[in-house]
1. Take each of the peptides B:335-348, B:301-314, average the number of other beta-carbon atoms within 10 Å over its residues, and list them starting from the highest.
2. Which one, B:170, B:121, B:26, has the greatest fluctuation when you compute a Gaussian network model over chain B with C-alpha springs under 10 angstrom?
3. Could you list B:222, B:300 so that the one with the fewest beta carbons within 10 Å of its beta carbon is first and the one with the most is last?
4. With a Förster radius of 35 Å, plug the Cβ-Cβ distance of residue B:271 and residue A:10 into 1/(1 + (r/R0)^6) and report the FRET value to the nearest 0.05.
5. Most fluctuating residue of B:360, B:277, B:325 in a GNM of chain B with Cα springs under 10 Å: which is it?
6. With each pseudo-label sitting 7 Å past Cα toward Cβ, what's the residue A:106-residue B:190 distance in nm, one decimal?
7. Below 8 Å, C-alpha to C-alpha, sequence gap of six or more: please give me the relative contact order for segment B:282-390 in percent.
8. Express in nm, to one decimal, how much length is gained between residue B:134 and residue B:46 on full extension, taking 0.36 nm for each residue of separation and deducting their alpha carbon distance.
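No value in this document is a laboratory result; all are computed from the given coordinates. As the structure is a computational prediction, the values presented were derived from the model and not from experiment. Neighbour counts run over all protein chains shown; Cβ positions are idealised from the backbone, glycine included.
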């Protein structure tokens, strides 16, 4: 049921198809933001884009058990600053249940339900 | 400046149904409108201002939206306010009605809410309707944020930062069940224990089934009037004295998930009212989930940040037992959650307490100052928070 991307969002999905997570950046302040848009939500001034490193930490998460297959929704705090919504992927339920706030995660791209390449995260093995 | 005396709530009515198989949404709106007007001693023909939100039939359809329900009810209006902030809308509407009355825009304001998600077997997360034109949609929908898991994220973060436990959250449900046992209309009237809550299935970690509110049909209505009219009626004089609203946004990805809009809506309302949280004798707090109450208690200043768990445990919210009686009708956790929007019933129970019309087992003695607060939208995402402080004269 995903709608066609808004025009200003098209380049985000083109970048995603190429394996990159695009962030907006406020030209006036240099501050990155998410989701990208043509103006800065901080100043109303112009914005450009940067590519995220793909490194981040789990800010908050929840495993949904009522779905056909349990999944983990999360807010991931990117190294660049913004907190973004995503899923933390794992190979099985015990992997999902092992996720903790503060865990380091890394960006991966997989097709979503509609087949579009979409940014997700996976937990980096912690000691 | 305090709102005191600018307008009065003279009518309040809660629909007794919890499953409205044989009544349409429009009929439910009519039921509650007539019920609240009868409570006030007024009639439909007295109404000249109407306040409604996205639960009205036809809201999202292209075309007449609010005009349809106003015509159906038979209202002759010179003021219409359709401010939509989901579950908190009706708390906003009271404040807006006071402003409209003070500005001379209307003299008798009617506010209605109704819905039948249970009869329609509608999923709570579907209640917000078509969203996919909204600019954030494509960046979030792929990750399946249903209502429960977004609140689950808030609860996990609170546990992480403050050491809050599932048992502490469970006390919020326990308190609601202690109150609901006295409410003959409540969906869930059995008293539950902390163990019942934490042993119920996990829906979205760390929230259990009994951390979640009910899905119910029903509705409610309020009548707010000019002081001259209020004094002509034989009803207790309940006046809003402070109100606040804040829209909590995600701000480009920079937000604190534990700081709801209540931080600012509450501060604004308390400042306007000229009172402090310790003055409040009764509080209605939106309880979509147990965690919602915990965060709101902290954000409104009833306890320090991070101390919510200790505040609610051991019956802290049970009338006659704890420090602050909360949701003495059983709240959304046990009583009802009509149209998946909790703000209306929050105001109604606060009015009951101030009138001395709550159930005797939960009535706060000589209740003169009460608060109603709601979070419309999602606590862990964007939401509109509304705070209302009411006084009995």
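1. Going from most to least packed, we get B:335-348, B:301-314.
2. B:121
3. So the residues, fewest neighbours to most, are B:300, B:222.
4. 0.15
5. Looking only at B:360, B:277, B:325, the biggest GNM fluctuation is shown by B:360.
6. 4.9 nm
7. For segment B:282-390, the relative contact order is 28 percent.
8. 27.8 nm
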